Amino acid sequence: RSGDMQWATRLTQALDDERLVLFGQRLLPLGPAREGLHVEALVRMRQPDGSLTLPGSFLPATERFGLAPRLDRWVVRRALRWLAEHGEGCDVACLHVNLSAQSLADASFRGDIIAVLEAAGTAICHALCFEITETVALANLGELAAFVDGVRARGARVAVDDFGAGASHFGYLRSLKVDLIKVDGQFIKGMLRDPLDDASVRGFLEVARVLGVQTVAEFVDDEAVLARVRSMGFDFAQGFHI
């Protein structure tokens, strides 16, 4: 707990000093060629000495001490600013941004994000996709559905992250209109050696086809897994191998 308090203080200072930076992890298109890069934004903290700290060090403190909405606001604003500054010459076709459970449970945060998207304009919002974990979607379905509709109405997309990790049924997707499904990486990692994981992934793909949404395979860590998800018909693959 003492360590988390120290990280919370460091994060607050880093936000004040503009010492957070965004990296991008690529999503590889597996189907017909799509122009531009598809990337997920990943936050890093730059220390005063210039070194970078990975989010595993400070995100637990972010959640524990209620800093997630402030951090998420910073990431969303920085992502939109980056897209605006690069304009038509930007190679990024879609920039994915994660939103935390704590932020999405905050009505003022949801309102702020809608206002920021409104100010940014549809042309910029078309290049933005918000990722929401499945467990968050299940816990706050009513309020979240209205937020998702508002986000999509302004041109941005929405993805369900860690799909399959927390649901016994997928009826919630009737209310939550999304554009992408990112299949939980634990299933992807295990499907080459576990027939049950393989069957689960095929089931998730069928759900996506029924809904008419795109699919992303997470945790693609080697060529064998990449070949398998490509043959199964995933739209994108993401992971350290890529």
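Measure nothing fancy, just the Cα-based angle from helix 195-211's long axis to the longest principal axis of the chain, in degrees from 0 to 90, nearest 10. For 195-211 against the chain, the angle is about 80 degrees.
Could you tell me what percent of the accessible area of region 146-242 is made up of carbon and sulfur, with a 1.4 Å probe and every protein chain present? Show your work: numbers first, answer last.
On the way: 2220 of 4370 Å².
Of the solvent-accessible surface of region 146-242, carbon and sulfur hold 51 percent.
Per residue, region 1-50 exposes 58 Å² of accessible surface when a 1.4 Å probe is rolled over the protein heavy atoms with every protein chain present.
Using alpha carbon coordinates only, what is the Rg to Rh ratio of region 1-125, with Rh defined as the Kirkwood radius?
That ratio equals 1.00.
Under the rule a/c < 1.5 gives rounded, and otherwise a/b versus b/c splits prolate from oblate, where does region 45-112 land using the Cα gyration tensor? Note, shape of region 45-112 comes out oblate. Quick one: among 163, 130, 147, which has the greatest mean-square fluctuation in a GNM of the chain with alpha-carbon springs under 10 angstrom? Highest fluctuation of the listed residues: 147. Think of a 1.4 Å ball rolled over the protein heavy atoms: region 117-206 then has 42 Å² of accessible area per residue. Highest GNM mean-square fluctuation among 72, 184, 112, for the chain modelled with Cα contacts below 10 Å: 112. Note on region 11-74 and region 151-209: Cα centroid distance 23 Å, given to the nearest whole angstrom. Computed over the chain with a Gaussian network model linking Cα atoms closer than 10 Å, the most mobile of 138, 54, 99 is 54. Taking the 1.4 Å solvent-accessible surface of region 1-41 as the whole, the part contributed by carbon and sulfur is 51%.
For the chain, the longest principal axis of the C-alpha atoms and the axis of helix 2-16 are separated by about 80°.
Relative to the dominant Cα principal axis of the chain, helix 141-153 is inclined by about 90°.
Annotation note: trypsin sites (Lys or Arg not before Pro) in region 115-191 located in DSSP loop regions with a Cβ neighbour count of at most 16 within 10 Å are 177.
The values are calculated or read from the model by the stated rules, or taken from the named source; none is laboratory data. Computed from a prediction, not measured in an experiment: that's the story for all the values here. Methodologically, a virtual Cβ is constructed for each residue, glycine included, from the backbone with ideal geometry; neighbour enumeration extends over all protein chains shown. Accessible surface is based on the protein model in full, side chains and every heavy atom, while ligands, DNA and RNA are left aside. Shrake-Rupley method; radii C 1.70, N 1.55, O 1.52, S 1.80 Å.
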